[in-house]
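Some notes on the structure that comes next.
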Amino acid sequence: MRIDSEVEFLRFRFPFRIAHGTRLGTDVVFVKLTYDGNMGFGEATLPPYLGTTVDDVLRAIQRPGISEALQLDSPIEWHAALFQIIPDVMPALAALDMARWQLETKLKRKSFDALMDGEIQIKSVPHTYTLGVSEMPEMRQKIAFAELQGFTLFKLKLDGIADADVIRNFRSTCNKPFAVDVNQAWRSVEQAMPIVELLEESNCILLEQPFHKLDREFSFELASRTHIPIIADEACQRLDDLQEIVQAFDGVNVKLQKCGGVTPACEQLKQIGAAQKKSLIGCMSESSVGCNAAEQLTYLCDWADLDGPYLNDNNDSICRQIGYSL
């Protein structure tokens, strides 16, 4: 099993502003596994607020025992072995696991869902296009671009500052359904309620991570005061977090970069479904490599937010450069 890596920078088409700040792109480490003439690709995407660096990922994928772990036969075995080696750098673990899964589907000549769950009925789920916090002229540009790509569902980023203006500007420009992601920016239920009432009037379909990731009481109270599903993102990182947060939220946004790959994300989604909660498979503005890996899990989800290849204007050129087939 040969392991290669390449460091790149995914450049946003538009400046991406959320409650954590504004950035122009994202550092990424691509991983390529080569085995028996087949290649599998994975991706570690590193927005600054994660606190994981390119060097962290490169050091992690070079730790002793990685190649041997990747040659184990089943997802449970290889992921457990990888986790023993890399328990502390989730994006690196995610990149290796998604690359190993791509190899598995090629070697077995079966799709992910067939290997994981046998014969199932694949469903089509709504996919969102994310609009970073924007003034009206830029918002119009983003909406026009997204509609040209065929998107009919949007996600608005809010930052707790001019939320009502963002919502009204969107509604004055576009009548399509939308979700919102607050990225922990709200400080109290009382601050939230006027915006929530506006969201209800505007037919918002879900509200993501309104309060601090460690908060449970505000999230639970807000969920009791609105019919809009309250979805956890930063509050739920790994599989072990589910039991703690499941009572405070109506659903969870699962991301490969948070939980460590396709294998744990699949288990997380199944447990969310068993708890009769809503699920969203999301991304951290990954390229097609990461988003296509996550797309395999949409059959377990209610919504998908896998718009990274459209948010980044150099997605196609980078994928071609590393040898990944679009």
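The values are calculated or read from the model by the stated rules, or taken from the named source; none is laboratory data. Every value quoted in this text rests on a predicted model; they were computed, and no experiment measured them. We place every Cβ from the backbone using ideal geometry, glycine too, and count neighbours over all the protein chains shown.
Restricting attention to the range 163-170, does a residue exist that is modelled with pLDDT of 95 or more, on the phi > 0 side of the Ramachandran plot and surrounded by 13 or more Cβ atoms within 10 Å (Cβ to Cβ)?
In the first step, residues of the range 163-170 are kept if they are modelled with pLDDT of 95 or more; the result is 163-170.
Checking the rest, the ones that are also on the phi > 0 side of the Ramachandran plot come to none.
The answer is no; no qualifying residue exists.
Yes/no matrix, rows are residues, columns are (1) more than 27 Å from ALA81 (Cα to Cα); (2) assigned by TED's automatic domain parsing to the domain that holds ALA146; (3) within 16 Å of the chain's Cα centre (by Cα):
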position: LEU198; (1), (2), (3): yes, yes, no
position: ILE205; (1), (2), (3): yes, yes, no
position: GLN209; (1), (2), (3): yes, yes, yes
position: LEU222; (1), (2), (3): yes, yes, no
position: LEU242; (1), (2), (3): no, yes, no
position: GLY251; (1), (2), (3): yes, yes, yes
position: LEU280; (1), (2), (3): yes, yes, yes
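With respect to the conditions (1) out of contact with any helix residue (DSSP H, G or I) (no Cβ under 6 Å at 6 or more places or on another chain); (2) in contact (Cβ under 8 Å) with a residue 60 or more places away in the chain, GLU119 falls short on a single one, namely (2). Of the residues making up the range 245-277, just one is without any contact (Cβ under 8 Å) to a residue 12 or more places away in the chain and under 22 Å from LEU207 (Cβ atoms), namely GLN276.
Evaluated against (1) over 18 Å from LEU300 (Cβ atoms); (2) without any contact (Cβ under 8 Å) to a residue 24 or more places away in the chain; (3) of a type in the set (S, T, N, Q), THR105 falls short on exactly one condition, (1).
All conditions in (1) in contact with a Gly (Cβ under 6 Å, 6 or more places away or on another chain); (2) of a type in the set (A, V, I, L, M, F, W, C); (3) closer than 19 Å to GLY308 by Cα hold for VAL29, with the sole exception of (1).
Restricting attention to the range 105-133, the residues that are in contact with a Leu (Cβ under 9 Å, 6 or more places away or on another chain) and hydroxyl-bearing (Ser, Thr, Tyr) add up to 4. Taken together, the criteria place LEU214 among residues that are out of contact with any helix residue (DSSP H, G or I) (no Cβ under 9 Å at 6 or more places or on another chain), surrounded by fewer than 18 Cβ atoms within 10 Å (Cβ to Cβ) and not in a helix (DSSP H, G or I). When the range 110-153 is limited to residues that are among the acidic types (Asp, Glu) and in contact with a Phe, Trp or Tyr (Cβ under 7 Å, 6 or more places away or on another chain), the one that is surrounded by the fewest Cβ atoms within 10 Å (Cβ to Cβ) turns out to be GLU138.
Of the residues ILE272, ILE231, which single one is assigned to a helix (DSSP H, G or I), in contact with a Gly (Cβ under 9 Å, 6 or more places away or on another chain) and of a type in the set (A, V, I, L, M, F, W, C)? Outline the logic, then answer.
Values: ILE231 fails: assigned to a helix (DSSP H, G or I).
Going through ILE272, ILE231 in turn, the sole match is ILE272.
Taking the criterion of being assigned to a helix (DSSP H, G or I) and of a type outside the set (A, V, I, L, M), the residues of the range 81-106 that qualify are PHE83, GLN84, PRO91, ASP97, ARG100, TRP101, GLN102, GLU104, THR105, LYS106. Residues in the range 107-128 that are among the hydrophobic types (A, V, I, L, M, F, W, C) and either at pLDDT 90 or above or assigned to a helix (DSSP H, G or I) (or both): LEU107, PHE112, ALA114, LEU115, MET116, VAL125. Looking only at the range 168-202, residues that are part of a helix (DSSP H, G or I), touching a helix residue (DSSP H, G or I) at 6+ places or on another chain (Cβ under 6 Å) and under 18 Å from TYR129 (Cβ atoms) come to 2 in all. Residues in the range 138-167 that are part of a loop (DSSP other than H, G, I, E, B), among the β-branched types (Val, Ile, Thr) and closer than 21 Å to VAL125 by Cα: THR152 only.
Restricting the range 12-64 to residues that are among the acidic types (Asp, Glu) and out of contact with any Phe, Trp or Tyr (no Cβ under 7 Å at 6 or more places or on another chain), which is farthest from LEU256 (Cα to Cα)?
So in the range 12-64, the residues among the acidic types (Asp, Glu) come out as 27, 36, 43, 55-56.
Among the residues that remain, those that are also out of contact with any Phe, Trp or Tyr (no Cβ under 7 Å at 6 or more places or on another chain) are: 36, 55-56.
Details: ASP36: 26, ASP55: 19, ASP56: 17 Å.
Result: ASP36.
Cβ-Cβ contacts under 7 Å between residues 6 or more apart (or on different chains), taken from a first residue in the range 64-76 that is free of Cβ contacts under 8 Å to residues at least 60 places away in the same chain to a second residue that is surrounded by 11 or more Cβ atoms within 10 Å (Cβ to Cβ), are listed as GLY65/ILE85; ALA69/TRP78; ALA69/ALA81; ALA69/LEU82; ALA69/ILE85; LEU72/TRP78; LEU72/ALA81. Here is the figure for the range 158-202: residues that are over 23 Å from ARG216 (Cα atoms) and of a type in the set (S, T, N, Q) total 5.
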